[in-house]
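Shown next, in structure tokens, is the structure this report addresses.
The values are calculated or read from the model by the stated rules, or taken from the named source; none is laboratory data. Values in this document were obtained by computation on a predicted structure and should not be read as measured data. Cβ placement follows ideal geometry from the backbone for every residue including glycine, while neighbour counts extend to all protein chains displayed.
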């Protein structure tokens, strides 16, 4: 799991977890002791109980449809607007996956080394995007 800004800069990557883990449990572990009161958070439907944690006052989560309670046109429009904001995180992930080491099967025995690889790829992706944003005048 990672936190990124709207300009696709990766700010925080969670530690690695073995086996299956719920996104919400990883988020609670990742944000323990971090104050995000001044930030706006855009999350997906995997974080249904995040508003109860009191992490931030500005949390945007899409509406969830169920079999008996479908969402209406207004809620669908809100969900589309929220998805346009959350796509920055997906683009940040795509920047990291441009590195070949993250696209192949992991055979590292030590989980710490894999976490370091993720950190390095995130740093290189951030550096690469900063260099693309600079305008060099001659």
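A few points about this structure:
- Qualifying positions in the stretch 1-25 - under 15 Å from residue 120 (Cα atoms), in a loop (DSSP other than H, G, I, E, B) and touching a residue at least 60 places away in the same chain (Cβ under 8 Å): 9, 15, 16
- Unmet requirement for residue 28, which otherwise passes all of (1) in contact with a strand residue (DSSP E or B) (Cβ under 6 Å, 6 or more places away or on another chain); (2) farther than 18 Å from residue 89 by Cα: (1)
- Cβ-Cβ distances below 7 Å connect no pair with a first residue in the stretch 39-52 that is on the phi > 0 side of the Ramachandran plot and part of a loop (DSSP other than H, G, I, E, B), a second residue that is modelled with pLDDT under 80 and surrounded by 13 or more Cβ atoms within 10 Å (Cβ to Cβ), and a separation of six or more residues or different chains.
- Selection count, the stretch 26-38, where residues are part of a helix (DSSP H, G or I) and farther than 23 Å from residue 113 by Cα: 1
- Residue match in the stretch 58-72 (condition: part of a helix (DSSP H, G or I), without any contact (Cβ under 8 Å) to a residue 60 or more places away in the chain, within 20 Å of the chain's Cα centre (by Cα) and under 22 Å from residue 6 (Cα atoms)): no
- Among the candidates 137, 95, residue that is touching a helix residue (DSSP H, G or I) at 6+ places or on another chain (Cβ under 7 Å) and either modelled with pLDDT under 85 or in a helix (DSSP H, G or I) (or both): 95
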